[in-house]
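A short worksheet on the structure shown next.
The values are calculated or read from the model by the stated rules, or taken from the named source; none is laboratory data. What you are looking at is a predicted structure, and each value in this text was computed from that prediction instead of being measured. Because the Cβ atoms are built from the backbone with ideal geometry, glycine has one as well, and the counts that use them run over all protein chains shown. To get the accessible areas, we keep the full protein, side chains included, count just its heavy atoms, and leave off ligands, DNA and RNA. Shrake-Rupley method; radii C 1.70, N 1.55, O 1.52, S 1.80 Å.
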Amino acid sequence: MMHVTFDTGALIALDRRRARMTRLYAEHRHRGSQVHAPAVAIAEWWRGRTDFAEKVLAGLLVEPTDEELARVAGEAMALV
């Protein structure tokens, strides 16, 4: 099974119904891929309940973020 992680930008693009991200999300869901999102990305993206946001959230595996994960993520971002 393939895993993919969506960041805040990906969630915002989905919310704005950007064609490329909508297609990518739909492809991963169709293939049975596990779509992850860090809890902090949800906090940055979420602006209140809508039917669409609830649908997106239902398709995500929300990952808790602890200090170790936050540090690793920061170091990964520094590399790109």
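Taking first residues from segment 42-53 that are within 11 Å of L11 (Cβ to Cβ) and partners that are exposed (fewer than 15 other Cβ atoms within 10 Å of the Cβ), the Cβ contacts under 6 Å between residues at least 6 apart in sequence or on separate chains come to I42/V62. When L24, L69 are checked against the criterion of being in contact with a strand residue (DSSP E or B) (Cβ under 9 Å, 6 or more places away or on another chain), part of a helix (DSSP H, G or I) and either without any contact (Cβ under 8 Å) to a residue 24 or more places away in the chain or closer than 10 Å to F6 by Cβ (or both), L24 stands alone in meeting it. Screening V80 on (1) at pLDDT below 90; (2) open to solvent by less than 70 Å² (accessible area, probe 1.4 Å) shows it passes everything except condition (2).
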